[in-house]
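> Right, I'll just put the structure down here and ask away after.
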Amino acid sequence: MLRLSTLITARIKSAIRPIGLRYLYGVNHDPGVFYVKLHPNDRAVLLYKQNDRVLDMYAVEVPKKHEGKGLGRLLAETAFIYVIVRNYRMHLTCTYLQRYYETIKTQQLSAYVVGPPHLLTGPHPVAMFPTVEADRLEGMPDPADTKNRFNKD
């Protein structure tokens, strides 16, 4: 029998198509930060604070010259998998992470989210792994992408 984390991890990975350069980068982890080393001496980062078994993910930052490569999504995906594998919980303070979560949300994944309150209300998907259209994920902007930031007008 497959573990829940394996199923969710597989769903996240299958929902996101490989996008150009994003798979050339490896994600590193130090306490409080997931990061991708970029050339020259730049970093894309996802910052969090840990309180017991809850990670408060409060920021995703991608240098301007590296926007549009999917680095924000790569960091979010890695952090979510980290939480699932370790059976932690996450509080998504960062609005980019909130939007990413809303895009890939499942009942199983929602069990790991403890806030903010507006993410905890509303309907939950009924299907175990509802279909996520690739276009919805492709349309997710990188956090620093100001021309597409959180609105489609």
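> If I model a spin label as a point 7 Å beyond the Cα along the Cα-Cβ vector, how far apart are those points for Lys65 and Arg86 in nm?
Once both label points are built, they end up 3.2 nm from each other.
> What are the residues whose amide H is under 5 Å from the amide H of Gly68, where those residues sit 5 or more places off or on another chain and H is modelled from the backbone?
Residues meeting the criterion, in which the H sits 1.01 Å from N, are Asp142.
> Right, next: Can you give the FRET efficiency for Ser110 and Lys49, using 1/(1 + (r/R0)^6), R0 = 22 Å, r = Cβ-Cβ distance, to the nearest 0.05?
Numbers: r = 21 Å, r/R0 = 0.97.
E between Ser110 and Lys49, to the nearest 0.05, is 0.55.
> Past 24 Å, Cα to Cα: identify those pairs from Lys65/Lys105; Lys37/Lys105; Lys37/Lys69, in the order given. Provide the component values of the computation, followed by the final result.
Working: Lys65/Lys105 30 Å; Lys37/Lys105 28 Å; Lys37/Lys69 13 Å.
Over 24 Å apart, Cα to Cα: Lys65/Lys105; Lys37/Lys105.
> Using 0.36 nm per residue of separation minus the Cα-Cα distance, give me the extension gain between Thr95 and Val33 in nm, one decimal.
Details: separation 62, 0.36 × 62 = 22.32 nm, distance 1.70 nm.
Length difference between fully extended and current span is 20.6 nm.
> List, largest first, the extents of the alpha carbons of the stretch 20-110 along their principal axes, each in whole Å.
Computed over the Cα atoms, the extents are 36, 26, 21 Å.
> Ok, one more. I'd like the Karplus ³J(HN,Hα) series for the stretch 86-98: coefficients 6.51, -1.76, 1.60, θ = phi - 60°, whole numbers in Hz, and an x wherever there's a Gly or Pro.
Using θ = phi - 60°, the values come out as 8, 6, 8, 10, 10, 10, 9, 6, 5, 5, 4, 5, 4 Hz.
Since every read-out is calculated from the coordinates, none of them should be taken as a lab result. Being a predicted model, the structure only gives us computed values, none of them experimental. Cβ sites come from the backbone with ideal geometry, for glycine too, and all protein chains shown count toward neighbours.
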